[in-house]
Each structure stands twice: as C-alpha cells, then as structure tokens.
Amino acid sequence: MSFIPGQPVTAVVERVEIKKLFQGGNLILGFSIGGGIDQDPGQNPYSEDKSDKGIYVTRISPGGPADEAGLKMGDKIMQVNGWDMTMVTHDQARKKLTKKNESVVRLLVTRRSLEDAVKQSKGGYAQQ
Amino acid sequence: MDNESQYSGYSYKSSHSRSSRKHRERRHRSKSRDSSSRADKSVTIQTPGEPLLDAESTRGDERDDNWGETTTVVTGTSEHSISNEDLTRVSKDLEESIPLECKRFVGPALGGCLSFFALLTPLAFLILPQVLWRDALEPCGTPCEGLYVSLAFKLLVLLISSWALFLRPPRAALPRFFVFRCLLMVLVFLFVASYWLFYGVRVLEPRERDYRGIVEYAASLVDALLFIQYLALVLLEVRHLQPAFCLKVVRTTDGASKFYNVGHLSVQRAAVWVLDRYYSDFPVYNPAVLNLPKSILSKKMTGFKVYSLDENTANNSTGQSRAMIAAAARRRDNSHNEYYYEEAEMDRRIRKRKARLVVAVEEAFTHIKRLHEDEAASSPKHPKEVMDPREAAQAIFAPMARAMQKYLRTTRQQAFHSMESILTHLQFCITHNMTPKAFLERYLSPGPTMQYQQQNGRGRQWTLVSEEPVTSALRQGLVFSLRRLDFSLVVTVTPLPFLRLGEEFIDPKSHKFVIRLQSETSV
C-alpha cells in the first residue's frame, strides 16, 4: 500500500458498491473517513507507511450501508465513482462521497489482506 | 604515597612585595642543615599563629546516648582541659609563635626598602651632580624642565601604584617563596644596580658636564621602572584571573565537595585560594555527625573466628582477612534495613523538634514589639516597661530555650552554639527587626565555617601535602591535599575544556508553523 513518488501506484483493489440510505434528512453511507493530503499522516493507525496521505476508513457504523456492502475498517479508498482518492484533501474526499444527486457510490478499496491473498496465490501458482 | 616530612617547624613567609632573595637563601641554608631530607614533600602553610583550641577541633561534648557509642575518643574535652594532641600543638606553637610574628613582616619590609631605594635613585642621579660640581655644569633650559615635570609625574605614578598593588599585608604565610615576586625583585635590584654602576663610571668619575644627558638618563631609568611595574602587574595580578583549571575540592570526613574555576597559579597559591573559598562555601565540619551508627557496624564483625590449618601462618594473613570478609558478606544480614529505619526515625525526630522550635520562637517573638518614638509620648496612661535589646532578648529567651536546646542536641550542633551566642544573636535579630524565620536560619542549617570563627589574629594552621614541589604550576591531574588535624581537603585539578563555538544564523522570518490536522468525517 505504500507508494514510491513518481512511480505509478499499483494495488490490488476490491470493488465495493454502497447504496446510500436516507436517514434523518440526509443520504448517509455509514462510515467515517480520515486522512488526506492536508492532514497529518503520522497519526493514521491503519496505514503501514506513516507517510501515506490517502483516505482511510476509520469507522463503520454497524448495520449501515457500508457495513452491508462489505467495507472494512482500515480500508484505503483508491477511487470513488471514478474520482481518484489518493491525492485529495480531506474536504474534497468528503465532497466526492456526499454528492446529493448520487444514490450509489462505487468504491475501489484496498487492504493488506488482499495483497497477501494475491501474493499467496501467486506464490502457490509459481510452485506448481 | 607521598612522603610527608613535617618541615621541622620552619615556615617560609609569603612576600607580598619584594624582598631580596639573598636574605632568604641565607636563612634557607641555615635551616636545611637541621632537616633530614632536602627534598621535602610536605610543608606547612602557617597562617600566623594559632589559638590553643580553635573552633574546628573535635570537641567531645555531651554525646547523645541515642547513638549508643561505646568508643572513647581522645579529644579536647572542654575549654579548660588540654588533651594529648593539644599538648603537641602547644609545644609546636611555643617554638614557632614568637619568631613568627616578626617573620610575617620581614618580606614586606625588605620589599619596601628595595622600592624606596629604586624610587630615590633617579632623584639621587639628579641631585648628586648639582651638589658636587654645580659650577661646572652646563645650563640646561626648557627641555630639562619638561623632563623634570615628566620625571616627577612618573615617580608619583610609580609611588602610588606600588603602594596600591604591592604593599598589602599578606593574608597567608606560604611555605616556599613566591617565584614571580622574587624574580621581579631580583630584576629590579639588578636593574637599579647596573644603572648605578654606569652612573658611577660615566658620570661621577669624569664629572660629566652635560646636565641634560644626566636628566635624560634618570628619565630613562624611571621609564624602565614603569615597564617593570607593568610586567609585575601582568605576572602577579592579571595572569591568574582568566580561568584555566577546574579544581574539585572534597572534604575527607563527610564528602562535601565543590568545584572552582581558577587561572594559572602555583600550587601554594591555589591552596590559599581554595582555603579562602573553603571558609565561606563549605558547611562547617561537625565531628558529631557520623556516617553509620556504631551499633549497626559493630554487629557485622562479631562471631567469626578463623582457624588456620596451614603451617606457614605468615603468608596467610591476607587470606584470613579475606575469608572473614567474604564470610561476613555471605551471611545474611539486615544492617541495611536497620540503617534505613534508623535514618527515617532520625529524620522524623529532627522534623518534630524543628516544628516545636519554630512554633516556640514564633510565639516568643509575638511577646515583644518595637516601641516607636511617638507611641512612648502619646500613651502615658499605659506605662509599659521599656527595655533595651539585651533585656528584651533575655525576656523572650526563656520560653524558647528548651525547644532550642533539644533541637540543637538532636542535630548535634550544640557544640557550636553556646547560650551566650544564642542570646547575642537574638539581641541582634531584635535590633534589626528580623522575623523569627530570619532568627532561625542560623540554626536550621549548618552554615559555612566562617560563621563559627572567633575573630582572633592568630590565624589557622593548615598543612599542604603534595607530591609535586609546591611552587610548580597547576596542571592536569595534579592532586594535593590540605590537612588539618582531624580532616583534610583533597584537591584535584582538571583543565577546563577548549570550547569550539560555532555560529548558526536564524532568519527571524523563518519561524513558521502548521497545524497538525487529524479530522475524521462521517459520510
């Protein structure tokens, strides 16, 4: 999940589709985000590389739309509806997620377990 | 270690001003026949004279029985009886004290003579031709008068500065003569002597007629004397001002230590410097405050008898003692426990007594009030008894005397404060409007040694013990010690480190800050 500046970012991602829920007069997704290029990356408990300024999922309300869609805490969001989330400010990320005229958001998220799974299968494949 | 030979009762004097070396060498030679070793390592710094019993000697006044001491200590027991070591001191005193008083002033006297001689020489140079062959002299006009004025002024400056710098009563009698001073005096003497020699040969013999030349000759002598005085100023006064060494002074009995920065000094001068600071910086030496109470220490070494089965017992002594010590260490003992609890108990007791004392003193001080001038006149109907400070002190001393005595006894300071001294101090505090706390500061913490000195002109006796000759300069790793009868101060010399100071310029506009954000938004 770390990146080398100047090199294209490669990651194993999972597609997560969340339907927004209308609750209390707002369309909510049911999770909280943290991070951004204007934030302090050293305080991110979920990132492996403490200089990673990406957007991370910090909390998921249980039973909410994100939880049902399979989003996990600690996921790094790479894209929202096609918009890149690796180099955005916190506020820009929030705006992309809470557009009022969209009822569905399609996220590309990555997490450590995905990478490990792919590595394992690749390794297993190579041994064959 | 260092072979100490007490330099048989003879001490050299410090010469603050110039005294001739020949005189010293004569005396040195006569006395060195008496002493056994030429290269003596320990010499006496005798600050002139010494009282019979000075305040720093051990006094075995009422030992507090709580410590349970069973040793008998041979000390001076009271003001009126003399113990063994006092006897030896007295005998040493008697043979040294009388010539000491005169010896103190020989140095300055000789120096004074030499400087007087040196200052009169130019005047003599000028006057002698006038007196002897006045008629044959060529008249000399304005240049001579200018030279007269400058000569007079320079002589005045020399006189005043020699008086200010060099003619001071010495405060310490050093064992060896002061190398720089003697060198300078020799220099002055040779200088003046050579000038006289040339004068005698060139002026007096042929009856020189050029008076202006003679005046210029005298003026050149005075110039040279001024330069020698400048040299003396630099060597004697200025050189030791800039710090170059760090001296660590440790007292052997209780480990009180201090660090001082000094310049380039010789060992004996550094010793005097350290002693000056000792009297005002170090807490007073209290022989009654021991490290471990004897009751704890004595338990360790009982109950072991070592039997040696070996034939040659001569070689076995160290083996025996080592075996004993090892066995004692292995044995499970709780003396550290006892020490800890004893210490805690002692602290508690001291604090309790201190609290009682503070309260008693505070109450006592509320009984008296300073009477102002107008009050005495304006209240005739209440005639208060008007007292002077001494009577007031005596009046309020009674309620606090007991608490004070108990406190002093607990902190083992009773030897330092007699009732008379407490009364005097109380009177002093009342006169100067001090609060009870100010009165008590003298008793609550042990003050510097200077506080307890009685003022007498006999001085203090210290012995400088060193492996190096005492006129050598300080250098790294030098160790010498200053010994008194019951304790000594060990001084270690280390040079001050060379400092490399770098520079870093900070632009005042470069101080900028950002806020570390960590926001979490729920979507």
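The values are calculated or read from the model by the stated rules, or taken from the named source; none is laboratory data. These numbers come from a predicted model, not from an experiment. Ideal geometry is used to build each Cβ from the backbone, glycine not excepted, and the neighbour counts take in all protein chains shown.
Taking the residues in region B:493-523 that are away from every other protein chain (no Cβ under 14 Å) and β-branched (Val, Ile, Thr) as candidates, determine which candidate is surrounded by the most Cβ atoms within 10 Å (Cβ to Cβ). Here the answer is B:Val493.
The condition of being assigned to a helix (DSSP H, G or I) and either of a type in the set (D, E, K, R) or over 20 Å from B:Phe198 (Cβ atoms) (or both) holds for only one of B:Pro143, B:Pro122, B:Pro139, that being B:Pro143.
Taking the condition among the polar types (S, T, N, Q) and at pLDDT below 90, does A:Gln43 pass? Considered against the rule, which asks whether it is among the polar types (S, T, N, Q) and at pLDDT below 90, A:Gln43 comes out as yes.
Here's a check for you: in region A:78-105, which residue that is β-branched (Val, Ile, Thr) and either touching a His at 6+ places or on another chain (Cβ under 6 Å) or surrounded by 14 or more Cβ atoms within 10 Å (Cβ to Cβ) (or both) is nearest to the other protein chains (Cβ to nearest Cβ)? Talk me through it step by step, then tell me what you get.
First, pick out the residues of region A:78-105 that are β-branched (Val, Ile, Thr): A:80, A:86, A:88-89, A:98, A:104-105.
Then keep just the ones that are either touching a His at 6+ places or on another chain (Cβ under 6 Å) or surrounded by 14 or more Cβ atoms within 10 Å (Cβ to Cβ) (or both); that gives A:80, A:86, A:88-89, A:98, A:105.
On the way: A:Val80: 10, A:Thr86: 17, A:Val88: 13, A:Thr89: 10, A:Thr98: 5, A:Val105: 9 Å.
Selected residue: A:Thr98.
Consider region A:54-77 and keep the residues that are within 15 Å of A:Arg94 (Cα to Cα) and more than 11 Å from chain B (Cβ to nearest Cβ). The one that is surrounded by the fewest Cβ atoms within 10 Å (Cβ to Cβ) is A:Lys76.
Restricting B:Ala473, B:Ala403 to those that are small (Gly, Ala, Ser), buried (at least 18 other Cβ atoms within 10 Å of the Cβ) and out of contact with any Pro (no Cβ under 9 Å at 6 or more places or on another chain) reduces the list to B:Ala403.
Taken over region A:5-43, the criterion of being facing chain B (nearest Cβ under 10 Å), of a type in the set (D, E, K, R) and in contact with a strand residue (DSSP E or B) (Cβ under 7 Å, 6 or more places away or on another chain) is satisfied by A:Lys20 alone.
Would you mind stating whether A:Thr58 is hydroxyl-bearing (Ser, Thr, Tyr) and at pLDDT 90 or above? I'd like the intermediate steps shown before the answer.
Values: hydroxyl-bearing (Ser, Thr, Tyr): yes; at pLDDT 90 or above: yes.
The answer is yes for A:Thr58.
In this structure, is B:Leu187 buried (at least 17 other Cβ atoms within 10 Å of the Cβ) and in a helix (DSSP H, G or I)? It would help to see each step written out before you state the result.
Values: buried (at least 17 other Cβ atoms within 10 Å of the Cβ): no; in a helix (DSSP H, G or I): yes.
So B:Leu187 fails the test.
Each residue in region A:44-53 was checked for being in contact with a strand residue (DSSP E or B) (Cβ under 7 Å, 6 or more places away or on another chain) and either within 11 Å of chain B (Cβ to nearest Cβ) or farther than 17 Å from A:Ala11 by Cα (or both), and 1 of them qualify.
For region B:439-523, which fully contained strands (runs of 3 or more DSSP E) count at least 2 residues that are more than 30 Å from A:Lys99 (Cα to Cα)?
Details: elements: B:461-466, B:479-483, B:488-495, B:520-522.
In region B:439-523, B:461-466, B:479-483, B:488-495 are the strands (runs of 3 or more DSSP E) which contain 2 or more residues that are more than 30 Å from A:Lys99 (Cα to Cα).
Pairing each residue of region B:139-150 that is over 18 Å from B:Ser220 (Cα atoms) with any residue that is assigned to a helix (DSSP H, G or I), provided the two are 6+ apart or on different chains, yields C-beta distances under 9 Å for B:Pro139/B:Tyr211; B:Gly141/B:Arg212.
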